[in-house]
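The values are calculated or read from the model by the stated rules, or taken from the named source; none is laboratory data. Every value quoted in this text rests on a predicted model; they were computed, and no experiment measured them. A quick note on method: Cβ atoms are made from the backbone with ideal geometry, for glycine too, and the neighbour counts reach across all protein chains shown. Accessible surface is based on the protein model in full, side chains and every heavy atom, while ligands, DNA and RNA are left aside. Shrake-Rupley method; radii C 1.70, N 1.55, O 1.52, S 1.80 Å.
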Amino acid sequence: MSLDVSPALLAEAERGDIREQDFVDTVRTSLPYAYDLIASLAAELKSGIAEFTDNQTPPPSEKERGQLLRALASDAIRGSLERHFGIALAFQNCHRVAAFRPESTTSETYTRFTSLRSQILNQSPEFRDC
C-alpha cells in the first residue's frame, strides 16, 4: 500500500468527498521523501527566476525511490501535489523530477524537457532496473 490512510480519512472517503488538504497531509506523512523533494523544488522555483528546477540526485535508497515513483505514477497524488504547491511537474527517469510554473507547460523549455529526445538523452544503464 502506498499511502498510510487513517481510519478517520477512510471513513470520510466512504461517506463522500474528502478535503484535498487532508489527502495532501496523508501523502506528506506516507511518502515523506517524495513530498519533501517536491516541496524543495517548488520553493526553489518560487524563490528564483529560472524557468524550472529539477532534481538530478538519485534517492538514497530504493525505499525513497519507491516513494517518488508512487507519487508521480498516481494521477491523484501528482495532481494534488501540483495544486498544493502551485507547480507543474515533469518526470524523466527514476529520479529526475522537475517543477515548472503552471503557465510554462506550453513553453519551449517544458516541451524540450518532456520530449522523446530528452527522455533518451537522460537514460543510462543504471536506470534500467530502477
Original post:
So is residue 73 open to solvent by less than 60 Å² (accessible area, probe 1.4 Å), closer than 20 Å to residue 4 by Cβ and at pLDDT 90 or above or not?
Top reply: no
**OP:** Could you list, in sequence order, all residues of the range 74-100 that are closer than 14 Å to residue 35 by Cβ and touching a Phe, Trp or Tyr at 6+ places or on another chain (Cβ under 7 Å)?
**Re:** 80, 87, 97, 99
Subject >> Every residue from the range 6-20 that is closer than 21 Å to residue 83 by Cα, in contact (Cβ under 8 Å) with a residue 12 or more places away in the chain and exposed (fewer than 15 other Cβ atoms within 10 Å of the Cβ) >> reply: 20
Subject >> The one condition in (1) of a type outside the set (Asp, Glu); (2) within 12 Å of the chain's Cα centre (by Cα); (3) under 29 Å from residue 121 (Cα atoms) that residue 59 fails to fulfil >> reply: (2)
**OP:** Starting from the range 43-54, keep only residues that are in a helix (DSSP H, G or I), then list their pairs with residues that are open to solvent by 60 Å² or more (accessible area, probe 1.4 Å) whose Cβ atoms are within a distance under 6 Å, requiring at least 6 positions of separation or different chains.
**Re:** none
Original post:
Taking the range 27-42 as the region of interest, how many residues are in a helix (DSSP H, G or I) and open to solvent by less than 10 Å² (accessible area, probe 1.4 Å)?
Top reply: 5
Subject >> Unique residue being touching a residue at least 60 places away in the same chain (Cβ under 8 Å) and open to solvent by 60 Å² or more (accessible area, probe 1.4 Å) when the list is 112, 65, 83 >> reply: 83
Subject >> Any chance residue 2 is at pLDDT 95 or above and among the small types (Gly, Ala, Ser) >> reply: no
